[in-house]
Amino acid sequence: EARERGKWGWLFRKSEEIGAVDPKYPADLARGIALLHLGETRGSVAALQKHLAEHPDGPYTLRARNHLA
């Protein structure tokens, strides 16, 4: 369990770093997925909804909606 939490924590931190450098990187989507796996439901929902608000028809729209479901 600690290994899994570490993996998702790493992804969360990296999504912040990559998002700051590359504006095309779907940072909110990555954060939302990582937070979901870390058990942070509210933060996950907020990040996924932000992604969908900014990219309602983007290539990751279906993935974000599925994670919200």
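Laboratory data are not the source of any read-out in this text; all were calculated from the coordinates shown. Every value quoted in this text rests on a predicted model; they were computed, and no experiment measured them. All Cβ positions, even for glycine, are placed from backbone atoms using ideal geometry, and neighbour counts span all protein chains on display.
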Please compute the Cα-Cα pair-distance distribution of the chain with 5 Å bins starting at 0, giving whole percents from short to long. 3, 20, 29, 25, 17, 5, 1, 0
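When the dipole is taken about the Cα centre of the chain, and only Lys, Arg (+1) and Asp, Glu (-1) are charged at their Cβ, what size is it in debye, to the nearest 20? Kindly include the intermediate steps, with their values, before the conclusion.
Numbers: 11 positive and 9 negative charges, 32 e Å.
I would put it at about 160 debye.
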List the aspartates and glutamates whose Cα sits under 13 Å from the Cα of residue 50, skipping any in the same chain fewer than 8 residues away. 28
